[in-house]
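One structure is given below, encoded as structure tokens.
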Amino acid sequence: MKKHAYTAIFLALSVPALAQVPEDALRMSWNPSFGTARQQAIGGAMGSLGGDISSIYVNPAGLGLYKTSEFVMTPGYGFYKTKGDFRGTNVNSDKLNKFQLGTTGFVIGMQNPYSKTTSSAFSIAVSRTANFNNNTYYRGLNDHSSYSEAFAEEFAGSGVAIDDVYKSSLSLGTKMAVYTYLIDTATIGGQKQVIGRPEYLDAVFQEQRTVTTGGVTEIAMGYAANLNNQLFIGGSVGIPILNYERKSTFTESDPTNNPDNNFNFSRYEQNTSVKGVGINVKLGLIYAPAPSFRVGAAIHTPTFYGLRDNLDAKMVTDLEKLFAPKPGIDSVNSDYYYNGASGQIKYNFTSPWRFMISGSYLFGSQQDVKKQKGFITADIEYVTYGSPKFKPAEEESDDYYKAVNEVTKNIYKGTFNFKVGGELKFNVVMARLGFAYYMNPYRDTELKANKMSLSGGLGYRHKGFFVDVTYVHQINKNVDFPYRLQDKANTFATLRERASNVWLTFGIKI
């Protein structure tokens, strides 16, 4: 595992006890698309097809194909399960099931027979654009490193005296590790060193449990114009509302159960919530060079977020007989360092840019909906995953944020996402299939990650009423670092998530 990319973040660890990490940038950026059941059934490809309210989140020019008005509602339900592979041990997490909201709102289509603009459309919609629901668990025997080493590294490099730790700018985890004597100073070979108690064991047993919930719900307003049924131009403004909850427990224990080696276990519990609001803009066009062909292009500006983190944590460490006859268990809560309250920090975050090109081929008549027989459509999307940036929201040093941004740039890279789908129409009934593939955003080839979805659905349209139902099966692969070290290769878990989502869209022409 390459370690040079992480050096900057360790050099900047004279930081607030609450701080962002590069994983936060990826979590808010690397997400499969949400939409109506119709859009989900065709792999999320909506860059050149249009005629669906979910166009407002993909290519707003697609709203220009509306000549009438409609109201749409899309409820959904998801089933999630993850397998973790850590140090050669495979385990499954508990299942997590959640209700979710697809694109819901209305479109007002207006025909303009006496204008150069053949028709136009305005839309207001709300949709879940990112999903954070997940439940992960992994465990294994680690003879390579201990999580105490991460705290020991920071403390050793800080120059802070052990009696001054409480009021220092050391991270919360390091302060708690000192308090519970998970790390301590010792004179070895005539030199004072910082040690982690588990380092003296041949191996430690490690477990990581994490449950994340929430997502990004985006309210969008969009407008598009139809120029002679050949060129469609549109734009939208999105107001994403972010809500993220994370509960994690990391446990490191002595696998030998030896009561005389001064270490039994250490457990670090952390509850984090992130809330905030942002703004973004999406612009696009669709061109129809022939009745059966459409090509589209769109650009999504970064989302500019104002966010607030709240954190509560607890560390418990059992050092057995080290301080006998006193009990070996010691614990501390994070509110000890925050005057009895939760830790809190405000900051700004800018997400990546997105660029998209798309093409569609329609079977049958483009102009007469009743004669259309189906279509094939595909999107190619490029996302600059290495470009997100954190900035302080208040008057404080931004040295740490600059370090995180540099690490983010070094860890992640811009990459492509592919979406393809099709529909066959049988009078009032439609059948749909779709596929999507999200490429690996990591620069390091040792880190394997991707997301893939297979989807299928049915639709019914008759006399101004329509209903669509879709099933989406997602297979996601990612990595998770329980901690990071500077002086040796980092250990990580491989996560394989399987998610099943059912979507149902109801709509009515108004």
Handout entry: the chain, helix-only ellipticity at 222 nm - DSSP H runs n ≥ 4, -39,500 (n - 2.57), divided by all residues, nearest 500
Key = -2500 deg cm²/dmol
Fill in the blank from the handout: The distance between the Cα centres of segment 76-142 and segment 318-379, in whole Å, is 11
Practice task
Please state the charge dipole magnitude for segment 4-509, taken about the Cα centre, from unit charges on C-beta atoms (+1 on K and R, -1 on D and E), reported in debye and rounded to the nearest 20.
Solution key: 2780
Problem - Charge-dipole axis of the chain as Lys and Arg at +1 and Asp and Glu at -1 on Cβ define it, positive-most pick from 474, 212, 363 - result: 363
Handout entry: Residues 356, 46 arranged by fewest to most Cβ contacts within 10 Å
Key = 356, 46
Completion exercise
Per the rule of 0.36 nm per residue minus the C-alpha distance, extending residue 99 to residue 77 adds in nm 7.5 nm
Exercise for the section: Using label points projected 7 Å from each Cα along Cα→Cβ, tell me how many nm separate residue 427 and residue 164, to one decimal. Expected result: 8.4
Practice task
Grab every C-alpha pair in segment 4-509, bin the distances at 10 angstrom width from 0 up to the longest one, and report whole percents.
Solution key: 4, 18, 27, 21, 14, 9, 5, 2, 0, 0
Completion exercise
If 444, 468 are placed from fewest to most neighbouring beta carbons inside 10 Å, the sequence is 444, 468
Fill in the blank from the handout: Residues whose modelled amide H sits under 5 Å from the amide H of residue 374, counting only those 5 or more places away in sequence or on another chain, are 363, 425
Completion exercise
With label points set 7 Å from each Cα along the Cα-to-Cβ direction at residue 380 and residue 281, the distance between them in nm comes to 2.7
Handout entry: Signed unit charges on C-beta, dipole axis of segment 4-509, positive-most listed residue 405, 90, 41
Key = 41
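How high is the FRET efficiency between residue 363 and residue 509 when r is their beta carbon distance and R₀ equals 30 Å, given to the nearest 0.05?
The pair residue 363/residue 509 has a calculated efficiency of 0.80.
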Exercise for the section: With N set to the residue count of segment 369-410, report its C-alpha Rg divided by 2.2 N^0.38 Å to two decimal places. Expected result: 2.34
Practice task
Set the Förster radius R0 to 25 Å, insert the Cβ-Cβ distance between residue 203 and residue 333 as r into 1/(1 + (r/R0)^6), and round the FRET efficiency to 0.05.
Solution key: 0.25
Handout entry: segment 476-487 - phi-based ³J(HN,Hα) in whole Hz, Karplus 6.51/-1.76/1.60, Gly and Pro as x
Key = 10, 10, 8, 10, 9, 9, x, 6, 10, 10, 9, 9
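No lab work stands behind these numbers, since they all come straight from the coordinates. Not measured: the values here are computed from a predicted model. All Cβ positions, glycine included, derive from the backbone under ideal geometry; neighbour counts span all protein chains shown.
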